[in-house]
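Here, each number is a calculation from the coordinates, and none is a lab measurement. None of these values were measured; they are calculated from a predicted model. Cβ coordinates were reconstructed from backbone atoms using ideal geometry, including for glycine residues, and neighbour counts include every protein chain displayed.
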Amino acid sequence: MADLRDIGLSEYEANAYRALLRTGPATAKELSEESGVPMGRIYDVLGSIESQHLVRSQAASRPKKYVAVEPETALDRLLEDRKRELREKASQYEGVVDELTRELDEPKAPEDGFWTAAVGPQAALDLLLERIDAASDSIVLVSGTPASGWELDDVSGRVFGRLEAAVDRGVEVSVLLSEDLARSIPDEVNERYAEVLADEPGYEVRVGESIDGNVTIVDGAEVCLEVSNPVQPGEAFATIDLQDTQFAADVHEAFEASWGDSTTLG
């Protein structure tokens, strides 16, 4: 059940405001008795909720009386206060991240033969997107299977967004798709490609025959392999990220052969 404390009031503040709604105009003493807020705390509590514009006071009366602001108005004010606090907190976190980004060193590159894996469709996608984000020189993405256990509309848009960001930071991007997958890509993704990246010299998409499986080569030294679920072949089971320059070179050589036989996406 929702409570005034859920949007920032203390228990005493919530009790005092609710009591004022019941009593109408009341003195601090009357409100203390009605709300259960100790007399030693009631003035601080009233001062707090008045500063939040939840109550109004009649200073000319002796003793001073207080009246509650209408609930709809009061709740709107509390909501705006919480939104403002969240925006300020988000800004603080962004500042911390910017500072840490400048301070923290890049991780030392793993030695050849180092590999990691992410199991499960979502974790597998997250690892692929992370490695695309890490690229500093080149990305080669080969994709042949339209059904990988992910929602194609969602995944193609997210991958495209990361590739777009990579091009913006100077990374050369080459994408090779199977004919089936090229036909399956949502229209909005194709339109976005045509509007944003089709004329970029550092980004090219081609369509080829006999393209099978999903492989991504990052900076010529790292290979991300999608592994299908052996029980349900249409579902992505894992992504394996292998840091091996020789293996990456061998995969890139096979890619170059298919790339030469492919056609530019129209």
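With percent of Cα pairs over 26 Å apart as the read-out, I listed (1) 65; (2) 46; (3) 59; which label goes with the value calculated from this structure? Here percent of Cα pairs over 26 Å apart agrees with entry (3).
Less than 22 Å apart at the alpha-carbon level, and either on another chain or at least 8 residues along: which lysines does that give for Lys65? Lys65 reaches Lys29.
The HN-Hα couplings worked out from phi for segment 208-222 by the Karplus form 6.51 cos²θ - 1.76 cosθ + 1.60 (θ = phi - 60°) are x, 8, 6, 8, 9, x, 10, 9, 10, 10, 10, 6, x, 9, 9 Hz, whole numbers, x standing for Gly and Pro.
When trypsin sites (Lys or Arg not before Pro) are flagged only if DSSP places them in a loop and at most 16 other Cβ atoms lie within 10 Å, the longest unflagged stretch of the chain comes out as 170-266. Charge tally for Cys224 (other residues, Cβ to Cβ under 11 Å; Lys, Arg +1; Asp, Glu -1): -3.
Name the residue, out of Tyr203, Tyr93, Tyr43, whose mean-square fluctuation peaks in a Gaussian network model built on the chain with Cα pairs under 10 Å. Taking springs between Cα atoms under 10 Å, the residue moving most is Tyr43.
In the elastic network of the chain, a GNM with C-alpha springs shorter than 10 Å, the most mobile of Gly40, Gly161, Gly208 is Gly40. Per-residue ellipticity at 222 nm computed for the chain from its helices equals -16000 deg cm²/dmol, with DSSP H segments shorter than 4 residues left out and the rest contributing -39,500 (n - 2.57).
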